[in-house]
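**Student:** Below is the structure I would like to discuss, written out as structure tokens.
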Protein chains: 2
Amino acid sequence: MATPPPDGSVRAAGIREVARRAGVSIATVSRVFNARSTVQPGTRDRVLEEARAVGYSPSPLGRNLVRGRSDLLGVILPNTGFPLYGAVLRGIEDTIQTSGMSVLLASSRDDAEVEIRAVQHLLRHAVDGCIVVNSRAGSGLPSERVYVHIAPEDPAAPHRVELDNVRGGELAAAELLAGGARCPAYVGAPGRESAERERGFVTRMAAAGRQVYHVPGDYSEDSGLRAGMALPAEVDAVFVAGDLMAAGVLRALHQQGRRVPTDVTVVGFDDSLIAPLLYPRLSSVRQPAHDLGVAAGRLALSVIAGTAGPDVVITPELVRRESSIRVPSPRPP
Amino acid sequence: MATPPPDGSVRAAGIREVARRAGVSIATVSRVFNARSTVQPGTRDRVLEEARAVGYSPSPLGRNLVRGRSDLLGVILPNTGFPLYGAVLRGIEDTIQTSGMSVLLASSRDDAEVEIRAVQHLLRHAVDGCIVVNSRAGSGLPSERVYVHIAPEDPAAPHRVELDNVRGGELAAAELLAGGARCPAYVGAPGRESAERERGFVTRMAAAGRQVYHVPGDYSEDSGLRAGMALPAEVDAVFVAGDLMAAGVLRALHQQGRRVPTDVTVVGFDDSLIAPLLYPRLSSVRQPAHDLGVAAGRLALSVIAGTAGPDVVITPELVRRESSIRVPSPRPP
């Protein structure tokens, strides 16, 4: 494997030596390695022969400069510390590495302006394209490079990979209905994705003759705790727009002495690594984060190659655990 | 902000145009922008003037080629999906961005060979240096670039940032002793870090006249569940080498009807985002993952600049939550 020397001096001597031995200018040697057609075939062969003789090969940065490609793919995540995004990142990495590309990372902190600055920063490294997760900036992104979006807020953003959130809401409703839900609630959050999950949930519940309480949250555990405390006493089934927020709902139910799943069944969303760690283990609509990353990586490779395929919509599945399987309550006789 | 054009053609015309207008060769224009001293001051001023006139500036890749720097910092994580590593990554990012550098990411999958391949891959992009988290390869890494290590397995690796694990074990022992521990156990894992945590724990417990049961695990939740099931009945306090494994220990205790913290107190290690989500909330020795990332980012910048400071050892703190605060058991009269 060719690796760069610690500094440029060895490399510089190499190209001079090749030029001297081949009896051509340094510029001609450079043109040969740049695969330009302005070098005579005879000259080209002589240069390559001498380059082999002295073990010369152009530096990675020089090669990239000539190709007009950096083999870098920018990835912008709202927050590198959130487990779901880590799995997306791993899916992207697994996919693009086989094409010799690497991930250049930046964070948007869920803020459109920070996102735009992050993209500008990545563009200084001449990334070949960017994958943006949960973009807030949408069409405000610099137009010099191509973008693939995972679940962007803007419903019109091109080159997108996302989950069928409406279907996810329907699955949650079906699960809670199977557990005997009579009085369901939805704990939501701002943004397009939560609105779509709620639409699927409410539609399916309405078809079964059930009205849905709406309790607002913001995906944080704290907001889930507050939402859980605010649930009307008659609620016997809760669908929560994210697992972290569901952790808060579960804690609020424990604190009120309402047993899960005996008194209240709960379904979360994401199936992130925390879902099976909660008590009781949380049933959740699965976002296949690794699959989303793989699909985005593939789409990015094809967009960069100029052969973009269609957008990708992934169908979610429900992962059933203890929190949604209602156990008949042992009552004193 | 200067951003690269969609392809190289505009750029190429730019440098030709500058050369023509200034009456010099393209190589001379290149030398001016490379800040080499072989250009006469008068010529240099004329080139810069014409470059301003036509709006020419060299491409990022070309500028980097000349500087012999890519402004890329390689970061190798065992697993991008693990929350603690995400926080380390964010700390690194926060620190190096202010120096105009970006993070180029790769995964080692906790395997020395994969780690070496990952580094070789990053070297192809001419990274200026690498931060390796929990290195397994140690001195087997390619020697072309500088490395900063966060908690490497090899105790002799240079340029290191790590936690005082022995002190962490002492803190856990002090907390469990304060909660009345008479018969403590340690649930450990392979490797240097767990051995150091155990050493601090056992030493402090021995000073208080307590013998420690050792139960093996591997940091996974499953291994914690098995370890929790294997705990001797007389154990009344458990220190677990990682929070994820502690989640398994807590579940095993719940399943056996042993109340936490009434019957058994538990302290984990990491204080990752799952610790406050567990039931009961887990007391844990905090690995300040963001701080570790910040310290590694700073050390990397100084090593790359040739002014490496000393290694960094961070002192841990114990975060007290419900699992270690023993509540007197309500007994029937």
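The values are calculated or read from the model by the stated rules, or taken from the named source; none is laboratory data. Source: prediction; values computed, not measured. Using ideal geometry, Cβ is built from the backbone for each residue, glycine included, and neighbour counts are taken over all protein chains shown.
**Student:** Out of the residues in the range A:77-86 meeting the condition of being within 8 Å of chain B (Cβ to nearest Cβ) and surrounded by fewer than 24 Cβ atoms within 10 Å (Cβ to Cβ), tell me which one is modelled with the lowest pLDDT.
**Tutor:** A:Gly81
**Student:** Restricting attention to the range B:270-309, which residues are at positive phi and among the small types (Gly, Ala, Ser)?
**Tutor:** Across the range B:270-309, the qualifying residue is only B:Gly306.
**Student:** Something else: Consider B:Leu163 carefully, then state whether it is touching a residue at least 24 places away in the same chain (Cβ under 8 Å), away from chain A (no Cβ under 11 Å), within 17 Å of the chain's Cα centre (by Cα) and under 30 Å from B:Ser324 (Cβ atoms).
**Tutor:** yes
**Student:** Turning to a different aspect of this structure: Quick check, is A:Arg281 assigned to a loop (DSSP other than H, G, I, E, B), in contact with a Leu (Cβ under 9 Å, 6 or more places away or on another chain) and not aromatic (Phe, Trp, Tyr)?
**Tutor:** No, not satisfied.
**Student:** Say we look at the range A:225-278 and pick out the residues that are surrounded by 24 or more Cβ atoms within 10 Å (Cβ to Cβ) and of a type in the set (Ser, Thr, Tyr); which of these is farthest from A:Pro190 (Cα to Cα)?
**Tutor:** Per the stated criteria, the residue is A:Thr265.
**Student:** Here's a follow-up. Return the residues of the range B:302-319 that are buried (at least 21 other Cβ atoms within 10 Å of the Cβ) and under 15 Å from B:Gly100 (Cα atoms); say none if nothing qualifies.
**Tutor:** B:Ile304
**Student:** Give the residues of the range A:120-142 that are within 9 Å of another protein chain (Cβ to nearest Cβ) and farther than 16 Å from B:Leu105 by Cβ, sorted by residue number.
**Tutor:** A:Gln120, A:Leu123, A:Arg124, A:Ala126, A:Pro142
**Student:** Now a separate question. Within 14 Å of B:Ala296 (Cα to Cα) and surrounded by fewer than 24 Cβ atoms within 10 Å (Cβ to Cβ): does that describe B:Asp94?
**Tutor:** So B:Asp94 fits the description; yes.
**Student:** Here is a list of conditions, (1) away from chain B (no Cβ under 14 Å); (2) closer than 19 Å to A:Ala173 by Cβ, and A:Ala230 meets all of them except one; can you say which number that is?
**Tutor:** Status for A:Ala230: all satisfied but (2).
**Student:** So, one more: Please work out if B:Ala308 is touching a residue at least 24 places away in the same chain (Cβ under 8 Å), farther than 19 Å from B:Glu170 by Cα and not in a loop (DSSP other than H, G, I, E, B).
**Tutor:** It is false that B:Ala308 is touching a residue at least 24 places away in the same chain (Cβ under 8 Å), farther than 19 Å from B:Glu170 by Cα and not in a loop (DSSP other than H, G, I, E, B).
**Student:** Here is a further query. From the list B:Leu244, B:Leu292, B:Leu250, B:Leu301, which residue is within 19 Å of the chain's Cα centre (by Cα), within 11 Å of chain A (Cβ to nearest Cβ) and either among the aliphatic types (A, V, I, L, M) or not in a loop (DSSP other than H, G, I, E, B) (or both)?
**Tutor:** B:Leu244
**Student:** Only one of these conditions is not met by B:Asp71: (1) surrounded by fewer than 22 Cβ atoms within 10 Å (Cβ to Cβ); (2) touching a residue at least 60 places away in the same chain (Cβ under 8 Å); (3) under 18 Å from A:Gly74 (Cα atoms). Which number is it?
**Tutor:** (2)
**Student:** Right, another one. Scan the range A:178-197 and report the pairs whose first residue is touching a residue at least 60 places away in the same chain (Cβ under 8 Å) and whose second residue is in a strand (DSSP E or B), with Cβ atoms within less than 7 Å and a gap of 6+ or a chain change.
**Tutor:** From residues that are touching a residue at least 60 places away in the same chain (Cβ under 8 Å), the pairs are A:Gly179/A:Ala237; A:Gly179/A:Thr265; A:Ala181/A:Ala237; A:Ala181/A:Thr265; A:Val187/A:Val215; A:Val187/A:Val238; A:Val187/A:Val240; A:Arg197/A:Phe269.
**Student:** Here's a follow-up. Taking the range B:253-280, which residues are within 11 Å of another protein chain (Cβ to nearest Cβ) and touching a residue at least 40 places away in the same chain (Cβ under 8 Å)?
**Tutor:** Answer for the range B:253-280, where residues must be within 11 Å of another protein chain (Cβ to nearest Cβ) and touching a residue at least 40 places away in the same chain (Cβ under 8 Å): B:Val260, B:Ser272, B:Leu273, B:Ile274, B:Ala275, B:Pro276, B:Leu278, B:Pro280.
**Student:** Going by what's in this entry, would A:Ala126 be described as assigned to a loop (DSSP other than H, G, I, E, B), touching a helix residue (DSSP H, G or I) at 6+ places or on another chain (Cβ under 6 Å) and either in the same structural domain as A:Thr265 (by TED's automatic domain parsing) or not β-branched (Val, Ile, Thr) (or both)?
**Tutor:** Answer is yes for this residue.
**Student:** Can I ask one more? Filter the range A:202-219 for residues that are hydrophobic (A, V, I, L, M, F, W, C) and part of a loop (DSSP other than H, G, I, E, B); which is surrounded by the most Cβ atoms within 10 Å (Cβ to Cβ)?
**Tutor:** Checked the range A:202-219; the qualifying residue surrounded by the most Cβ atoms within 10 Å (Cβ to Cβ) is A:Val212.
**Student:** So, one more: Have a look at A:Gly23, A:Gly55, A:Gly42, A:Gly74 and point out the one that is at positive phi, at pLDDT 75 or above and not basic (Lys, Arg).
**Tutor:** A:Gly23
**Student:** Continuing with the same structure: Taking the residues in the range A:142-152 that are at pLDDT below 90 and in a loop (DSSP other than H, G, I, E, B) as candidates, determine which candidate is surrounded by the fewest Cβ atoms within 10 Å (Cβ to Cβ).
**Tutor:** A:Ser143
**Student:** Out of (1) surrounded by fewer than 24 Cβ atoms within 10 Å (Cβ to Cβ); (2) touching a Pro at 6+ places or on another chain (Cβ under 8 Å), what's the single condition that is false for A:Asp222?
**Tutor:** The failed condition is (2).
**Student:** Based on this model, can you work out whether B:Ser283 counts as under 28 Å from A:Met245 (Cα atoms), touching a residue at least 40 places away in the same chain (Cβ under 8 Å), surrounded by 23 or more Cβ atoms within 10 Å (Cβ to Cβ) and within 14 Å of chain A (Cβ to nearest Cβ)?
**Tutor:** No: the conditions fail for B:Ser283.
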